[in-house]
Amino acid sequence: MFVFRSRPNLSLTRTQERLAFWSLAALCFATAIGFALLGYWLILPFAGLEIGLLAWAFEALRSREGDYESLTIDGDSVVLEWHAGTHVQRREMNRQWARVVCDCRTPGRDCRLSVSSHGRATEVGHYLNDEARLQLAATLRSKLQA
């Protein structure tokens, strides 16, 4: 049995995220208040808009923390599962018919890795860099042939 699972790299904890947000908010509002005291009061709504967009961006990143992709090879079965945002999907295929396709635009760069069967290809390795995708492709080829 072979299991590959990957997730996005969430480098900030919730505490660090809050600290970063409130530090940026304080800096932005302090700067805006400084300019408002000089008579440029129109900067205040734009500072509020900027902080609102920053809060939205942090929330959008946090909403994707449960994303993952999983590939399991067990016996004659290849199972692909992925969760992206609100979409959860699963695809099963026969090991004998499954093929690994790694397409790079230039040698070793801009690679797309997919597993295909019966004319349907499913991309894997979304959260990997090109080098890791190439290594995964080699591993999958050897596992599928075994």
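Overview of results
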quantity	calculated
Footprinting exposure proxy for THR139, THR13 (fewest neighbouring C-beta atoms within 10 Å first)	THR13, THR139
Anisotropy class of segment 67-145 from Cα gyration tensor, a/c 1.5 cut	oblate
Rounded to whole Hz, the Karplus (6.51, -1.76, 1.60) HN-Hα couplings of segment 51-61, x for glycine and proline	5, x, 5, 5, 4, 4, 5, 5, 5, 5, 5
Least to most buried among VAL115, VAL88 (fewest other Cβ within 10 Å first)	VAL88, VAL115
Karplus-derived 3J(HN,Hα), 6.51/-1.76/1.60, for each residue of segment 13-20, Hz, glycine and proline x	6, 4, 5, 5, 5, 4, 4, 5
Calculated Rg and Dmax of segment 14-63 using C-alpha coordinates, Å	12.3, 39
Inter-probe distance in nm under a simple model that places probes 7 Å from Cα toward Cβ, at GLU81 and TRP41	5.8
Label of the coordinate-derived value, Rg and Dmax of the Cα atoms in Å, listed as [x] 17.7, 54; [y] 22.5, 74; [z] 17.1, 53	[y]
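Each reported figure results from applying straightforward, stated rules to the coordinates on display, with no laboratory input. Predicted model, so just to flag it, every value in this text is computed and none were measured. Every residue, glycine among them, receives a Cβ derived from its backbone with ideal geometry; neighbour counts consider all protein chains shown.
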